[in-house]
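Shown next, in C-alpha cells, is the structure this report addresses.
The values are calculated or read from the model by the stated rules, or taken from the named source; none is laboratory data. All of these numbers come straight from a predicted model, not from anything done at the bench. In this analysis, Cβ positions are derived from the backbone assuming ideal geometry, glycine residues included, and neighbour counts consider all displayed protein chains.
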C-alpha cells in the first residue's frame, strides 16, 4: 500500500549537481516525486506550470537573486511549505522569514535522516500554521 505522503511532489531548487543528486535521491527513496530547477528563473517557470506540495531550495546560488525568486514563488504558491537549506541560518531567520512566512531552515551540512525528517514534518503540516513561524534545524555531521 502506498502512503499518502509518497504521492507528494517537491520542487528542488539548487545549482549544485552534488546537492541535487543527494537531496533528490533521499526524496525518491522515500517515495516523493521530485522536479529539479537549477536556478530561480527555472523554478519560477516550473511553479507556474505544475503544482507542488513542498518547495526545497538552496538559498545561496551562483545566479543569485534567491530572495527575489523565493518571494515570487511564495506569492504564487503561498500555502506550499518551504524548506531553505543554507550555511547561514541566522541571516535567513532574521532577514527573510518575515518576507517568506512559515518555513523550515536547515543549516548545511545536515545528515540525510535530518533532511528527510524535515520534509516529513513540513508535509504533515507540523511547521505550518496560520501564523508566520520558523523552525531552524542546525546539525553538523562529518
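Please verify whether residue 62 is surrounded by fewer than 17 Cβ atoms within 10 Å (Cβ to Cβ) and at pLDDT 85 or above, treating the condition exactly as stated.
No: the conditions fail for residue 62.
Report yes if residue 50 is surrounded by fewer than 15 Cβ atoms within 10 Å (Cβ to Cβ) and touching a residue at least 40 places away in the same chain (Cβ under 8 Å), otherwise no.
Answer is yes for this residue.
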